[in-house]
1. So Val79 fits all but one of (1) part of a loop (DSSP other than H, G, I, E, B); (2) surrounded by 14 or more Cβ atoms within 10 Å (Cβ to Cβ); (3) in contact (Cβ under 8 Å) with a residue 40 or more places away in the chain; (4) not aromatic (Phe, Trp, Tyr); what number is the exception?
2. What are the pairs with Cβ atoms under 6 angstrom where one residue, in the range 41-69, is over 19 Å from Val93 (Cα atoms) and modelled with pLDDT under 95 and the other, located anywhere, is aliphatic (A, V, I, L, M) and assigned to a loop (DSSP other than H, G, I, E, B)? Sequence gap at least six, or different chains.
3. With respect to Asp90, determine if the residue is in contact with a Ser or Thr (Cβ under 7 Å, 6 or more places away or on another chain), surrounded by 15 or more Cβ atoms within 10 Å (Cβ to Cβ) and farther than 18 Å from Gln3 by Cβ.
4. Which one of the conditions (1) part of a loop (DSSP other than H, G, I, E, B); (2) over 14 Å from the mean Cα position of the chain (by Cα); (3) of a type in the set (S, T, N, Q) does Thr120 fail to meet, given that it meets all the rest?
5. Taking Gly53, is it within 13 Å of the chain's Cα centre (by Cα), under 10 Å from Gly33 (Cα atoms) and of a type outside the set (A, V, I, L, M)?
Amino acid sequence: QVQLVESGGGLVQDGGSMRLSCVASGRIFSRYGVGWFRQAPGKEREFVAAIVGSGGVTYYADSAKGRFTIFRDIAKNTVNLQMNTLKPEDTAVYYCGLTMSAYSRNRNDYGQWGQGTQVTVSS
């Protein structure tokens, strides 16, 4: 079974930047869609961004457009989420997931998740 591990979370001030990384136990990112989701306390896990495995086409939630960038680092076997101009409402646990679909905004289409990494944006 493929394992995903997220890293890069922490505490950042309002307006700051942070980069999250998701590494897989095998070289599978070119074959699967990868999504970043987040879950704030008391809320459902929501879509943030996704990248298509085969061609690298990317998709973003409206809340992430213009501020976040999802990209693959083939050499490091990671899918990363660069987050700029962070806001307190971005505070959540961020998860990366794998989907057999090219991409999906629906968390139920993702069959494999990492353990999550906490992002806290202070005002």
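The values are calculated or read from the model by the stated rules, or taken from the named source; none is laboratory data. For clarity, every value in this text was computed on a predicted model and none was experimentally measured. In this analysis, Cβ positions are derived from the backbone assuming ideal geometry, glycine residues included, and neighbour counts consider all displayed protein chains.
1. In the conditions (1) part of a loop (DSSP other than H, G, I, E, B); (2) surrounded by 14 or more Cβ atoms within 10 Å (Cβ to Cβ); (3) in contact (Cβ under 8 Å) with a residue 40 or more places away in the chain; (4) not aromatic (Phe, Trp, Tyr), Val79 misses (1) alone.
2. Going by the 6 Å Cβ cut-off, the qualifying pairs are Val52/Ala102.
3. When the stated conditions are applied, Asp90 does not pass them.
4. Of the numbered conditions (1) part of a loop (DSSP other than H, G, I, E, B); (2) over 14 Å from the mean Cα position of the chain (by Cα); (3) of a type in the set (S, T, N, Q), the odd one out for Thr120 is (1).
5. The answer is no for Gly53.
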